[in-house]
Amino acid sequence: MVRNLGTIERLLRIIAGIGLLGLFGALPAPWRYLTLIGLIPFGTGLLGHCPVYRALGWKGDGHSQAERPVLVRRPPAKR
């Protein structure tokens, strides 16, 4: 698995995941189970890999794989 999340995004996902999971005990029974969604950002932040980003070809550093620079080789100019 290749990491496709930047450091800042990983940190923000971990914090958001912990925040959502922390609400588990504070909410009543039907709503507390929705806080388990916090496992997704927490897990992707820990691993540094987001399957959705990979499927879309995105990278966490703000550049998609399609935006890579392309080197075009041209023959030398005639004098």
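The values are calculated or read from the model by the stated rules, or taken from the named source; none is laboratory data. For clarity, every value in this text was computed on a predicted model and none was experimentally measured. Here the Cβ positions follow ideal geometry from the backbone for every residue, glycine too, while neighbour counts run over all protein chains shown.
Quick check, is THR44 surrounded by 12 or more Cβ atoms within 10 Å (Cβ to Cβ), assigned to a helix (DSSP H, G or I), polar (S, T, N, Q) and touching a residue at least 24 places away in the same chain (Cβ under 8 Å)? Write out each step before concluding.
Values: surrounded by 12 or more Cβ atoms within 10 Å (Cβ to Cβ): yes; assigned to a helix (DSSP H, G or I): yes; polar (S, T, N, Q): yes; touching a residue at least 24 places away in the same chain (Cβ under 8 Å): yes.
Taking the combined requirement at face value, the residue satisfies it.
When LEU71, LEU36 are checked against the criterion of being aliphatic (A, V, I, L, M) and either within 19 Å of the chain's Cα centre (by Cα) or at pLDDT 95 or above (or both), a single residue qualifies: LEU36. Once region 1-32 is narrowed to residues that are within 16 Å of PRO51 (Cβ to Cβ) and among the charged types (D, E, K, R), the residue that is modelled with the lowest pLDDT is ARG3.
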